[in-house]
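**Q** Starting off with a structure, shown below.
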Amino acid sequence: MRLRGLLWFNAVFSIMPVALWASAVVEGRVELPKSHTAPVQAKRYEIVTKGGVLSTQPPLAVVYLDGAFPNLASLPTKQVAQKDLTFVPALLPVPAGTKVEFPNLDDTYHNIFSYSPAKRFDLGRYRAEERPIPTQIFDKPGLVTLRCDIHEHMRGLILVLNTPYFVMTDTDGHFRLSGLPAGRYTLKAWIDSRTTRDKPVELKNGQTLHVDFP
Amino acid sequence: MKLRVLSLCAFACTACAFDIDDFFDRLDTALTISAFHDNLRARLSGTLDLEFYNFEQPPAGLIISDVDNLFNPRLTLFLDAQIGSQIYFFAQSRLDRGFDPSDNGAQIRLDEYALRATPWDDGRFTAQIGKFATVVGNWVPRHLSWENPFINAPLVYENVTSIRDKSAPVSVFDFIYGPYYYEKYAFNPVIWGPSYASGISLSGRLDRFDYAVEMKNASLSSRPESWRVTESGFEPPTFSTRVGFRPNEAWNFGFSASEGPYFRREAQSTLPPGRDIGDYKEFVLGQDASFAWRHLQVWVEFYEARFQVPRVGDADTFAYYIEAKYKFTPQFFGAIRWNQQLFGDVSNGYGQSTRWSPDLARIDIAVAYRFTSHTQLKLQYDYQHETTAPGDDNHLLAAQFTVRF
């Protein structure tokens, strides 16, 4: 009877949302770099060319709590689409172990690949309507640069993190990271491939901490 | 211990490769400029190719060299500029030892420049003016070193025939046996590489069909010097067209045709009396198909060409190739290409017919490794065999290291 009670306790505890037992909050602002110039698509040898305005997504930062946390039992599948010859979203933070789908929403081929040490793969050419949608599991922390072998200007990033506690800033750099466990940690702000800022933080249950990354 | 050192080296190389990629990505950002809220954007990019060839004399294709080992470095710079959504400009400049591999000294050229207008966003119509690659066939989109699975071009784009554009043959024998007496650069292939001739083109897509038509100042077989508008005028021009059908993303079919005079101005004095360079034309019909799925790509092209040759008559040739590329791993791919060119007969004036050039077959095999997304090494072996002449077989080994930025 006692054992059954323990099992029930474990089962309930394991499916409880993280936010219910980890209640610290960090908010603040990250100083973002200037907006990138929209890429120029090379169309020299294309008989058929469509319009030349490519969307550019403003720079965003990823703020995450660094530390040793237990792996999440199940992770939702994420998507990085190819739409209008760009990656959408251009930056995707995921916890290690996440499966990412790469749907092609254009009416032309794409060939997504990465030579990054954190994940090396080449999906080859596949049609928009092909099922299943090609996927990759990102199980090693690090930055993965996505490219297209057909469209040289296309570039996307997947930031694979060793933590379940992360959030993307808005375009002004503001962030709010909630449901954090109490304790001493390092709060990091990933800004680009060469810039990650960090600050030590001490979190207490029920407390909202304000941290800026100038 | 050895394993540990090897692991350390592998880790260092990987880390280094990642740094190189990061460096080139930053360089790309630095070489892209914009103004007027991104409505005017320009990007400078390029490739550095270090090529090495080992061959038997005479070298096959358009290689011009008296020595059997040739080092052929090439720096290519591209400028791509976009003004709003409708205007696009591009230019290509090269610093190398000649348009085709040669043992000449260094030269710098402006190989391509073109202004393109696309009035509608759906791509139904595009107009382009300048000096740019031909619309014929399906090889042009992959002719640059980074996209080309091989180091050289398919046989039909580089095999010099008995056709020469600077002077007319004085007899059938002069025409057929000319290649034994004159230097190779006097002669022309059916299509000279990507044929960056000057002119205008109109192109677009209508549902699953696409079309392109161009008016250029030089025929497909014309040499690079003839492509400049200052060198050859449009009297008379060369017209080329291609109609494509794309049932889906995997398949692409095309039909091409071209017609235009192939003699240069200086050949006028060698023509029969009363004839003009406009009286002798090159006619080309082409059929192409391509297929791509996952890691496999296949291309095939067929060309039927006719040259109107003074004092000889019509000289016909048929050439084709089939090419396949397969990526074995994300960074390693292999390619194989089978080429053949067959020549028709011409009358020798004594009631007999003679083949006007020896039939050829060539197989090209290449492997390539991409160290990073900006650096690539290709190795290639070619075996060429003259199937209707006692000519020697020809072997070619080539290596090409490319840095793309």
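The values are calculated or read from the model by the stated rules, or taken from the named source; none is laboratory data. Here the structure is a predicted model, which means the values were calculated and not measured. So basically every Cβ, Gly included, is an ideal-geometry build from the backbone, and we count neighbours across all protein chains shown. Ligands, DNA and RNA are stripped out before the accessible areas are found, and what is left, the full protein with its side chains, is counted by its heavy atoms. Shrake-Rupley method; radii C 1.70, N 1.55, O 1.52, S 1.80 Å.
**Q** Being under 19 Å from the mean Cα position of the chain (by Cα) and surrounded by 18 or more Cβ atoms within 10 Å (Cβ to Cβ) is true for just one of B:G130, B:G123. Which residue is that?
**A** Working: B:G123 fails: under 19 Å from the mean Cα position of the chain (by Cα).
Matching residue, one of B:G130, B:G123: B:G130.
**Q** What residue, among those in region A:119-134 that are within 27 Å of B:R246 (Cα to Cα) and open to solvent by 40 Å² or more (accessible area, probe 1.4 Å), is nearest to the other protein chains (Cβ to nearest Cβ)? Steps first, answer last, please.
**A** From region A:119-134, those within 27 Å of B:R246 (Cα to Cα) are A:122-134; that's our starting set.
Narrowing further to those that are open to solvent by 40 Å² or more (accessible area, probe 1.4 Å): A:127, A:129, A:131-132.
On the way: A:R127: 5, A:E129: 9, A:R131: 14, A:P132: 13 Å.
Going through the qualifying residues, I end up with A:R127.
**Q** When the residues of region A:159-214 are filtered to those that are acidic (D, E) and within 27 Å of A:G97 (Cβ to Cβ), which remaining residue is least open to solvent (accessible area, probe 1.4 Å)?
**A** Going through the qualifying residues, I end up with A:D192.
**Q** Among the candidates B:L77, B:L31, B:L50, single out the residue that is of a type outside the set (S, T, N, Q), within 11 Å of another protein chain (Cβ to nearest Cβ) and open to solvent by 50 Å² or more (accessible area, probe 1.4 Å). Outline the logic, then answer.
**A** Working: B:L77 fails: within 11 Å of another protein chain (Cβ to nearest Cβ); B:L50 fails: within 11 Å of another protein chain (Cβ to nearest Cβ).
Testing whether each residue is of a type outside the set (S, T, N, Q), within 11 Å of another protein chain (Cβ to nearest Cβ) and open to solvent by 50 Å² or more (accessible area, probe 1.4 Å) leaves just B:L31.
**Q** A further question on this structure: Name the single residue that is most open to solvent (accessible area, probe 1.4 Å) among those in region B:347-371 being β-branched (V, I, T) and at pLDDT 95 or above.
**A** To start, the set of residues in region B:347-371 that are β-branched (V, I, T) comprises B:354, B:363, B:365, B:367.
Next, only the ones that are at pLDDT 95 or above stay: B:363, B:365, B:367.
Values: B:I363: 49, B:I365: 78, B:V367: 57 Å².
My answer is B:I365.
**Q** Next up: Can you name every residue in region B:299-315 that is in contact with a strand residue (DSSP E or B) (Cβ under 6 Å, 6 or more places away or on another chain) and of a type outside the set (G, A, S)?
**A** B:W299, B:V300, B:E301, B:F302, B:Y303, B:E304, B:R306, B:F307, B:Q308, B:V309, B:V312, B:D314
**Q** Of everything in region B:83-109, what is part of a strand (DSSP E or B) and under 17 Å from B:D49 (Cα atoms)? Give them in sequence order.
**A** We begin by selecting, within region B:83-109, every residue part of a strand (DSSP E or B); these are B:83, B:87-96, B:102, B:107-109.
Those that are part of a strand (DSSP E or B) and under 17 Å from B:D49 (Cα atoms): B:Q92, B:S93, B:R94, B:L95, B:D96, B:S102, B:Q107, B:I108, B:R109.
**Q** Next up: Listed residues B:V140, B:V67; which is open to solvent by 30 Å² or more (accessible area, probe 1.4 Å), of a type in the set (V, I, T) and assigned by TED's automatic domain parsing to the domain that holds B:V190?
**A** Of B:V140, B:V67, the one residue that is open to solvent by 30 Å² or more (accessible area, probe 1.4 Å), of a type in the set (V, I, T) and assigned by TED's automatic domain parsing to the domain that holds B:V190 is B:V67.
**Q** What are the residues in region B:200-219 that are under 27 Å from B:Q107 (Cα atoms) and either modelled with pLDDT under 95 or not in a loop (DSSP other than H, G, I, E, B) (or both), if any?
**A** Pass one, region B:200-219, residues under 27 Å from B:Q107 (Cα atoms): B:200, B:216-219.
Those that are under 27 Å from B:Q107 (Cα atoms) and either modelled with pLDDT under 95 or not in a loop (DSSP other than H, G, I, E, B) (or both): B:I200, B:K216.
**Q** State all residues of region B:220-275 that are outside any strand (DSSP E or B), among the hydroxyl-bearing types (S, T, Y) and open to solvent by 30 Å² or more (accessible area, probe 1.4 Å); if no residue qualifies, say none. Before the answer, list the steps.
**A** Filtering region B:220-275 for residues outside any strand (DSSP E or B) gives B:220-237, B:246-250, B:262-275.
Then keep just the ones that are among the hydroxyl-bearing types (S, T, Y); that gives B:221-222, B:226, B:230, B:232, B:262, B:269-270.
Those that are outside any strand (DSSP E or B), among the hydroxyl-bearing types (S, T, Y) and open to solvent by 30 Å² or more (accessible area, probe 1.4 Å): B:T230, B:S269, B:T270.
**Q** What single numbered condition from (1) part of a loop (DSSP other than H, G, I, E, B); (2) open to solvent by less than 10 Å² (accessible area, probe 1.4 Å); (3) away from chain A (no Cβ under 14 Å) fails to hold for B:F175?
**A** Every listed condition holds for B:F175 apart from (1).
**Q** Let me ask another. Is it the case that A:A90 is at pLDDT below 95, among the hydrophobic types (A, V, I, L, M, F, W, C) and within 27 Å of B:D19 (Cβ to Cβ)?
**A** Details: at pLDDT below 95: yes; among the hydrophobic types (A, V, I, L, M, F, W, C): yes; within 27 Å of B:D19 (Cβ to Cβ): yes.
Criteria met by A:A90.
**Q** Please go through region B:325-351 and pick out each residue that is in a strand (DSSP E or B), closer than 19 Å to B:I176 by Cα and touching a residue at least 12 places away in the same chain (Cβ under 8 Å).
**A** B:Q341, B:L342, B:F343, B:V346, B:S347
**Q** If you go through region A:95-118 one residue at a time, how many are surrounded by fewer than 20 Cβ atoms within 10 Å (Cβ to Cβ) and aliphatic (A, V, I, L, M)?
**A** 3
**Q** Select, from A:L65, A:L54, the only residue that is modelled with pLDDT under 80 and either assigned to a strand (DSSP E or B) or touching a Leu at 6+ places or on another chain (Cβ under 8 Å) (or both).
**A** Values: A:L65 fails: modelled with pLDDT under 80.
That would be A:L54, the only listed residue that is modelled with pLDDT under 80 and either assigned to a strand (DSSP E or B) or touching a Leu at 6+ places or on another chain (Cβ under 8 Å) (or both).
**Q** I need a count of the residues in region A:104-118 that are more than 7 Å from chain B (Cβ to nearest Cβ) and of a type outside the set (V, I, T). Talk me through it step by step, then tell me what you get.
**A** Kept after step one, since they are more than 7 Å from chain B (Cβ to nearest Cβ), are these residues of region A:104-118: A:104-107, A:110-112, A:114, A:118.
Subsequent filtering for residues that are of a type outside the set (V, I, T) retains A:104-107, A:110-111, A:114, A:118.
Residues flagged as more than 7 Å from chain B (Cβ to nearest Cβ) and of a type outside the set (V, I, T) within region A:104-118 amount to 8.
**Q** Something else: Looking at region B:17-25, is at least one residue open to solvent by less than 70 Å² (accessible area, probe 1.4 Å), touching a Pro at 6+ places or on another chain (Cβ under 9 Å) and either modelled with pLDDT under 95 or not in a loop (DSSP other than H, G, I, E, B) (or both)? It would help to see each step written out before you state the result.
**A** The initial filter retains those residues of region B:17-25 that are open to solvent by less than 70 Å² (accessible area, probe 1.4 Å), namely B:17-18, B:20-22, B:24-25.
From what is left, the residues that are touching a Pro at 6+ places or on another chain (Cβ under 9 Å) are B:17-18.
Then keep just the ones that are either modelled with pLDDT under 95 or not in a loop (DSSP other than H, G, I, E, B) (or both); that gives B:17-18.
Yes, that holds for at least one residue.
**Q** Which of the following residues is within 21 Å of B:Y180 (Cα to Cα) and modelled with pLDDT of 95 or more: B:L379, B:L342, B:L397? Working first, answer last.
**A** Details: B:L379 fails: within 21 Å of B:Y180 (Cα to Cα); B:L397 fails: within 21 Å of B:Y180 (Cα to Cα).
After ruling out the rest, the residue left standing is B:L342.
**Q** Take region A:71-81 and flag every residue that is within 22 Å of A:N162 (Cβ to Cβ) and at pLDDT 85 or above. So that I can check it myself, show each step before the final result.
**A** If we filter region A:71-81 for residues that are within 22 Å of A:N162 (Cβ to Cβ), which is where we start, we get A:71-80.
Residues satisfying the conditions are A:S74, A:L75, A:P76, A:T77, A:K78, A:Q79, A:V80.
**Q** A follow-up question, please. Note down all Cβ pairs under 7 Å where the first residue falls in region A:25-40 and is surrounded by fewer than 19 Cβ atoms within 10 Å (Cβ to Cβ), the second is of a type in the set (K, R), and they're at least six residues apart or on different chains.
**A** Hits for this filter: A:V25/A:R176; A:E27/A:R176; A:T37/B:R41.
**Q** If you don't mind, there's one more thing I want to ask. Check whether at least one residue in region B:372-390 is more than 14 Å from every other protein chain (Cβ to nearest Cβ) and in contact with a helix residue (DSSP H, G or I) (Cβ under 7 Å, 6 or more places away or on another chain), and report yes or no. Show your work before the answer.
**A** First, pick out the residues of region B:372-390 that are more than 14 Å from every other protein chain (Cβ to nearest Cβ): B:377-390.
Now narrow it down to the ones that are in contact with a helix residue (DSSP H, G or I) (Cβ under 7 Å, 6 or more places away or on another chain): none.
Checking region B:372-390: not a single residue is more than 14 Å from every other protein chain (Cβ to nearest Cβ) and in contact with a helix residue (DSSP H, G or I) (Cβ under 7 Å, 6 or more places away or on another chain).
**Q** Only residues that are outside any strand (DSSP E or B), open to solvent by less than 60 Å² (accessible area, probe 1.4 Å) and not β-branched (V, I, T): list them for region B:307-324, please.
**A** Of the residues in region B:307-324, the ones outside any strand (DSSP E or B) are B:310-312.
Now restrict to residues that are open to solvent by less than 60 Å² (accessible area, probe 1.4 Å): B:310, B:312.
Across region B:307-324, the qualifying residue is only B:P310.
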